[in-house]
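Below is one structure, written out as structure tokens; the observations come after it.
The values are calculated or read from the model by the stated rules, or taken from the named source; none is laboratory data. These figures come from a predicted structure and were not determined experimentally. Positions of Cβ are backbone-derived with ideal geometry, glycine not excepted, and every protein chain shown enters the neighbour counts. Just the protein is used for accessible areas: all its heavy atoms, side chains included, with ligands, DNA and RNA removed. Shrake-Rupley method; radii C 1.70, N 1.55, O 1.52, S 1.80 Å.
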Amino acid sequence: MKIAQSLVLVASLLTPCFAVASGLPASGLQSDVVFTEYTPLTRSDELRHRLLSPLNALRVSRELAQSGRDSQDQPIDLAQERFTVYVPTAPAPEQGYALLVFVSPWADAVVPQRSIPALNRHHMIFVSASHSGNDAAVMDRRIPLALLAERNITQHYRVDPSRIYIGGFSGGARVALRIALGFPDVFHGALLDAGSDPIGNAEILLPARALFDQFQNSMRLVYLTGKLDTANLAQDQRSRQSMHDWCVFNLTDAGAGMLSTGHQLAGPAAIARALSVLDRSVPSFSSAHARCRREIDRSLAVKEQQIGEWIAQRRFDEAQILLNEVDSRFGGLAAPQSVEWQKTLDTLR
């Protein structure tokens, strides 16, 4: 009931639904928004490239080629989708609004009433997609809907590119982390309210090296979990440890004051604190980053050398097992070499 009460919409701010083509409101809250503009980032082939491991992306591409299906289609029909948008009451500052794209765990797209004062203070637009809850497909719906929301808002409002953030609550926060990892060229911070995961495994894969460099260098991650939400506090700890293992150091735990909060949306003070943290500049690349990255490269190089030796010795089964392990752990960091080895093994075996 507490969650439901926290999601009450401000009825006095609601206006009739609109299409992007007819113009966006100057301020206030609108539901049932219809967007019209697509982005190449939400094409199926681009989603596979960024979100699947290189070997899994190769397999899917082969299956699509054999079936004759289009690998470059858009998985979302925007004419059928609806979004909720909140625009702050004050005009945009000179550099533009900030933007928070929010992934909800529920089917309804709502703006938590308690977040509106903080959104106003930070000159931050809020947008969320309907029917993008935990029961929706992650790769075919939740992720492309978030990207399309960002695309349409930035096309029709003056938005500061350095202040575009992704966030979510519970299962939505876990999806937000995947989006941040796969699209650090779009989003520069992630608000993880009571939901996170470790990265660098078969579930949360690392992207290509250039994207991961951006994630390490410019992404700020804000963890916001109540102190009574013990399961997610433990998961946050595992997530933060994995970030340090993969040389991601721009992390903040903003849940210090949430002493009596269980698994529910953060309160007004915590939200305000988290948004302030998101707006902080990210520290410059340090010597600790450099040392950490060298260790990752060394570990990957050892495994790559072993795979190459086993292929040369025609020990193909052993090479395949290790290649699969490398694909799951290092993801895009091992490409394109991992893909070339897979093609070689497919030919020789």
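Structural remarks
- Within the set 298, 291, 273, 314, the sole residue that is open to solvent by 50 Å² or more (accessible area, probe 1.4 Å) and at positive phi turns out to be 314.
- Restricting the stretch 331-347 to residues that are of a type outside the set (A, V, I, L, M, F, W, C) and open to solvent by less than 30 Å² (accessible area, probe 1.4 Å), the residue that is farthest from residue 54 (Cα to Cα) is 342.
- Taking the stretch 47-75 as the range and being surrounded by 19 or more Cβ atoms within 10 Å (Cβ to Cβ) and either closer than 30 Å to residue 30 by Cβ or in contact with a Gly (Cβ under 8 Å, 6 or more places away or on another chain) (or both) as the test, the residues that pass are 47, 50, 51, 53, 54.
- Among residues of the stretch 224-235 that are on the phi < 0 side of the Ramachandran plot, those with a Cβ under 6 angstrom from a residue that is surrounded by fewer than 20 Cβ atoms within 10 Å (Cβ to Cβ) and not hydrophobic (A, V, I, L, M, F, W, C), sequence gap 6+ or separate chain, pair up as 226/262; 228/262; 229/262; 229/263.
- Test: residue in the stretch 280-288 that is closer than 30 Å to residue 106 by Cβ and either open to solvent by 50 Å² or more (accessible area, probe 1.4 Å) or not aliphatic (A, V, I, L, M) (or both): yes
- Flag for residue 208 being more than 30 Å from residue 261 (Cα to Cα), touching a Lys or Arg at 6+ places or on another chain (Cβ under 8 Å) and either touching a residue at least 24 places away in the same chain (Cβ under 8 Å) or open to solvent by 10 Å² or more (accessible area, probe 1.4 Å) (or both): yes
- Selection within the stretch 59-84: residues that are assigned to a loop (DSSP other than H, G, I, E, B) and more than 26 Å from the chain's Cα centre (by Cα). The member of this set that is farthest from residue 37 (Cα to Cα) is 68.
- Test: residue 48 is farther than 22 Å from residue 149 by Cα and either modelled with pLDDT under 90 or not in a loop (DSSP other than H, G, I, E, B) (or both): no
- Candidate set: the stretch 32-45, residues that are touching a helix residue (DSSP H, G or I) at 6+ places or on another chain (Cβ under 6 Å) and buried (at least 16 other Cβ atoms within 10 Å of the Cβ); chosen: the one nearest to residue 185 (Cα to Cα): 41
- Any chance residue 304 is out of contact with any Ser or Thr (no Cβ under 6 Å at 6 or more places or on another chain) and surrounded by fewer than 13 Cβ atoms within 10 Å (Cβ to Cβ): no
- Where helices (runs of 4 or more DSSP H) fall wholly inside the stretch 200-315, the ranges with 1 or more residues that are at pLDDT 95 or above and farther than 29 Å from residue 50 by Cβ are 230-245, 268-278, 287-312.
- Within the stretch 102-127, the residues that satisfy the criterion of being buried (at least 24 other Cβ atoms within 10 Å of the Cβ) and closer than 24 Å to residue 203 by Cα are 102, 103, 104.
- Residue identified as in contact (Cβ under 8 Å) with a residue 60 or more places away in the chain, open to solvent by less than 10 Å² (accessible area, probe 1.4 Å), of a type in the set (Gly, Ala, Ser) and out of contact with any His (no Cβ under 6 Å at 6 or more places or on another chain) among 202, 194, 254, 176: 176
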